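Just below is one structure, and these are the notes that go with it.
The values are calculated or read from the model by the stated rules, or taken from the named source; none is laboratory data. Computed from a predicted structure; not experimentally measured. Note that we place each Cβ from the backbone using ideal geometry, even for glycine, and neighbour counts take in every protein chain shown.
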Amino acid sequence: MPPKKTLRSQKNKAVRNRAVKSFTKSRVKNAIDALEDSTPENNQELLNQAFSALDKAASKGVIHKNNASRKKSRLSKKIEAK
């Protein structure tokens, strides 16, 4: 069993990570949903927000940088296909 201080630290990090992941997922979902029913300039803005959220999550260590890069690449391909 880890020391109490470590457990407190792990709980705090888990809360932060959950919030960052949720924020990132919602931004990516907004960008994907915008493909179906909005204007191209709005698509670009939402795409930039999604990229920014992924980069921030990667820089904070919540997700791996290659994971963020892969998601950005796949999102870009979806945008280009439309």
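Check region 39-59 and report whether any residue there is over 22 Å from residue 72 (Cβ atoms), modelled with pLDDT of 90 or more and among the aliphatic types (A, V, I, L, M). I'd like the intermediate steps shown before the answer.
Filtering region 39-59 down to residues over 22 Å from residue 72 (Cβ atoms) leaves none.
No, because not a single residue in region 39-59 is over 22 Å from residue 72 (Cβ atoms), modelled with pLDDT of 90 or more and among the aliphatic types (A, V, I, L, M).
Can you confirm whether residue 17 is modelled with pLDDT of 95 or more, surrounded by 14 or more Cβ atoms within 10 Å (Cβ to Cβ) and polar (S, T, N, Q)?
On the way: modelled with pLDDT of 95 or more: yes; surrounded by 14 or more Cβ atoms within 10 Å (Cβ to Cβ): yes; polar (S, T, N, Q): yes.
So residue 17 fits the description; yes.
Considering only region 40-56, I want to know if a residue exists there that is of a type in the set (Asp, Glu) and under 9 Å from the mean Cα position of the chain (by Cα). Spell out the reasoning first.
Narrowing region 40-56 to residues of a type in the set (Asp, Glu): 41, 45, 55.
Of the ones still in play, those that are also under 9 Å from the mean Cα position of the chain (by Cα) are 55.
There is at least one residue in region 40-56 that is of a type in the set (Asp, Glu) and under 9 Å from the mean Cα position of the chain (by Cα).
Has region 65-76 got any residue that is part of a loop (DSSP other than H, G, I, E, B) and exposed (fewer than 11 other Cβ atoms within 10 Å of the Cβ)? Let's see the steps before the verdict.
Filtering region 65-76 for residues part of a loop (DSSP other than H, G, I, E, B) gives none.
No, the conditions are met nowhere in region 65-76.
Which ones in region 20-60 are assigned to a helix (DSSP H, G or I) and over 21 Å from residue 70 (Cα atoms)?
Keep residues of region 20-60 that are assigned to a helix (DSSP H, G or I), which gives 20-37, 40-59.
Listed by number, the residues that qualify are 36, 37, 40, 41, 42.
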